[in-house]
1. Rank Gly47, Ala313, Ser244 by how far each Cα sits towards the positive end of the charge dipole of the chain (+1 on Lys, Arg Cβ; -1 on Asp, Glu Cβ) and give me just the farthest.
2. Which one of Pro72, Asn403, Met204 is farthest out on the positive end of the charge dipole of the chain, using unit charges on Cβ (Lys, Arg +1; Asp, Glu -1) and the Cα centre as origin?
3. Return one whole number: the accessible area per residue of the range 341-452 in Å², for a 1.4 Å probe.
4. Over 31 Å between Cα atoms, which of Lys29/Lys50; Lys277/Lys340; Lys50/Lys143; Lys200/Lys231; Lys150/Lys175 qualify?
5. Can you give the accessible area per residue of the range 225-268, in Å², using a 1.4 Å probe?
6. Under Stokes-Einstein, with the Kirkwood radius over Cα pairs standing in for Rh, what whole-number D in µm²/s applies to the range 129-270 at 4 °C and 1.567 mPa s?
7. Tell me the mean residue ellipticity at 222 nm calculated for the chain from its helices only (DSSP H runs of n ≥ 4, each -39500 (n - 2.57), averaged over every residue, nearest 500).
8. Using a 10 Å cut-off on Cβ atoms, rank the peptides 48-59, 221-232 from the highest mean neighbour count down.
Amino acid sequence: MKHNIYPKLTVLSLAVALTLPVSGVFAQKTRTLTLNEAIQLSLKTSGQLKIANAKVDEATAEYHEAWNNHLPDVKVTGAYMRINNPNVDLKVKLGGGSSGGSDTSHQTSTSSIKVNEAAYGLVNASLPIFSGLRIKYGVESAKYLEQAAKLDAAHNKEEIILNAISAFNNLYKAKKSVDMVKENLSREDQRVTDFTNMEKNGLMARNDLLKAQLQQSNVQLSLLDAENNLKITCINMDLMLGLSEDIDLVPDSSGLQGTADAGSVLQWEQTALQNRKDVAALSFREKAATSSIKSIKGEYYPGLALTAGYIAADIPNLLTITNALNAGIGLQYNFGALWKTEAKIHEANAKLHQIQANEGIISDEIRLEINQAYQNYLLSTRKIDVYYKAVEQANENYRITKNKFDNNLVTTTDLLEADVAQLQAQLNYEFSKSDALVAYKKLQQTAGVLSN
């Protein structure tokens, strides 16, 4: 007969928790937490989502920057200068007079000019009319990249939601472990009381009482482990949700109840290919790369723009210019583009080919992920049925063993083994139901429809 039952008690501490340092003693507060609240708080405080949203803002700003290339450029230049006494030699006559005296008059006038300061101002405006379609396709590429950034943020959002659901499930399992071990400990306490009375009355051997007391101690240790795991899980959840770490969270298990029809794996694959945000983001990046190539090819063409300007200048004792307006059409062409642009096009084409190759890779990865998540969900739903039968079997086994023990047909060891098996079966059944829901949420996340 097997007597080594005590190591089995370690399965009572099944709560999953991250190892975090805990120090100090806090005044505890209690808060009931629903699954929806956990999801909303995690989305609000997620640093990963904040980074993704910042990237969206960056892409939006780049789109507006590209679109602003349609607007005119206006430049204003002005200067004031102090200068020395320059030698001024005007090539035009300053005044009338006889032809014979013109040279003498010119020389005398220019030599008397004293210039020691100058000021001028320029205003130039240019409005692009045609830029080889570089502006048009540059704006188009920036717009596609903005859409891709938004889809990346949506994809990150689904990952955060799934992480919140998994963390909430861990909290629920930790709390359930404590509750069920406490319930089991109450039964152990009662058993020790009964066995103590029987031992005092000579109806039970001292060794059997010691076995019951030892199991009672092991259950107490298991309860300490379960409570410690619950505390660590609460702290982890508090930090993840941006709450004070001295809050004891009580999970509302109603959000973890129920299962859904699995459907077919082919349906899930089609749903994923249609709804996965990372697939759609990659498609937009392909469009952006295509537009970028067209924009680069625009360098082969000249640029045409409307131009206008205003000039004002004042050089005391010499020159004053006002109302010097100009307007016209400017044409610009960079002949260096004839031999420089080709390399840029090759580089852009290489990036496009990388994106197209990634599309094929991610398609295969999605199919594999869907199949894994689908099979895991099917397995989790089957486990519910198996564990339900195991609970019935464990309960019946304990009932029969208890009756036999009361009639001295089995040993105390057999009774204690049946007790441990019953508690283990109950824990497995409770956890399997919440794990099945998490597995279904994982399937939804893999298909890109969790946030829906």
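The values are calculated or read from the model by the stated rules, or taken from the named source; none is laboratory data. From a predicted model like this one, the values you see are computed outputs, not experimental measurements. Glycine also receives a Cβ, built like all others from the backbone with ideal geometry; neighbour counts cover every protein chain displayed. What goes into the accessible areas is simple: the full protein's heavy atoms, side chains included, and nothing from ligands, DNA or RNA. Shrake-Rupley method; radii C 1.70, N 1.55, O 1.52, S 1.80 Å.
1. The listed residue farthest towards the positive side: Ala313.
2. Pro72
3. Details: 5760 Å² over 112 residues.
Here the per-residue accessible area is 51 Å².
4. Values: Lys29/Lys50 29 Å; Lys277/Lys340 37 Å; Lys50/Lys143 21 Å; Lys200/Lys231 40 Å; Lys150/Lys175 38 Å.
Pairs exceeding 31 Å: Lys277/Lys340; Lys200/Lys231; Lys150/Lys175.
5. 45
6. Working: Rh = 20.9 Å.
The calculation lands on 62 µm²/s.
7. Details: 9 runs with 283 residues, N = 452.
So the helix-based figure for the chain works out to -22500 deg cm²/dmol.
8. On the way: 48-59: 15.2, 221-232: 18.6.
So the order, starting with the most tightly packed, is 221-232, 48-59.
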